[in-house]
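Beneath this line is the structure, given in structure tokens, with notes to follow.
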Amino acid sequence: MARSFQSECSAPPEQFPPTAWSVVLLAKGSSQQSSDALAGLCQAYWYPLYAFVRRQGYSPHDAEDLTQSFFIHLLEQHRIGRAEREKGRFRSFLLASLRNFLADQRDKASAQKRGGAVAFISLDAQAADERYHLEPQDERDPEVLFERQWALTVLDRVLLRLETEYAAAGRSDRFKLLQPHLLGEEQTLEYAEIGRQLNMSVAAVKMAVMRLRMRSRELFHAEIANTVAQESEVAQEVQRLSAALAR
């Protein structure tokens, strides 16, 4: 009998950094560890916020500056301490905080006053702008774009965890061949060809794809569970972000 996916491909939990609310709790402190935790959190979720700012009409340079300054604002003003898991979704907290920050910045003309010369996290501004120009231009609502990019960020984190699990089990080649079937990409290899390359039967390939899909759903659920206040909200959030991905 084939071993379960968990026994085939698993990685110690400590290989993955804590996500969302657990990082927020750590980032509330004033230690270097807290600063590093917040920096890691910002690094993971900065692009949805950058895209939101761009959709407000700011130039790439100003959007980069404002996004950086927003994160500095969260850290230096201890705004992150206002985030409480019991008060709702983490992404809602970030977006509401960003809206307030942008409203305040409209009264300030100088980029230097926004902390524009200070680099808090590493942002690949050129790649971000290129990515932004690939966004559908008929989406006029910045919040719609923000939600879709948030959902894509969650999905990227799930894929990274899957890739890491397979690599830890010595099955990176398997993941590379199976991943397109997980994402429904066009021109994916037929199961028979995958089986030939992996020395597996077609039935075994189908089972491997099924396990990959099951594990991806588990990880997607886990990522979302870390960004909502209660377990009962997970299903609704999954539905909302899945709808955002379908746009």
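We did not get these values from a lab; they are worked out from the coordinates using the rules stated. Because the structure is a prediction, the values reported are computed rather than measured. Here the Cβ positions follow ideal geometry from the backbone for every residue, glycine too, while neighbour counts run over all protein chains shown.
Given R₀ = 41 Å, what would the calculated FRET efficiency be for T164 paired with R106, taking r from the Cβ atoms and rounding to 0.05?
Computed FRET efficiency for T164 and R106: 0.45.
With labels modelled as points extended 7 Å from the Cα through the Cβ direction, what inter-label distance (nm, one decimal) is found for E233 paired with A192?
5.0
By what distance, in whole Å, do the Cα atoms of segment 142-247 stretch along each of the three principal axes, largest value first?
Extents along the principal axes: 45, 26, 20 Å.
Please turn the phi angles of segment 65-73 into ³J(HN,Hα) values with the Karplus equation 6.51 cos²θ - 1.76 cosθ + 1.60 (θ = phi - 60°), one per residue in order, whole Hz, x for glycine and proline.
Karplus values, whole Hz, x for Gly and Pro: 4, 5, 5, 4, 5, 4, 5, 4, 4.
Quick check on packing: order 213-226, 60-73 by the mean number of other C-beta atoms within 10 Å, highest mean leading.
Descending mean neighbour count gives 60-73, 213-226.
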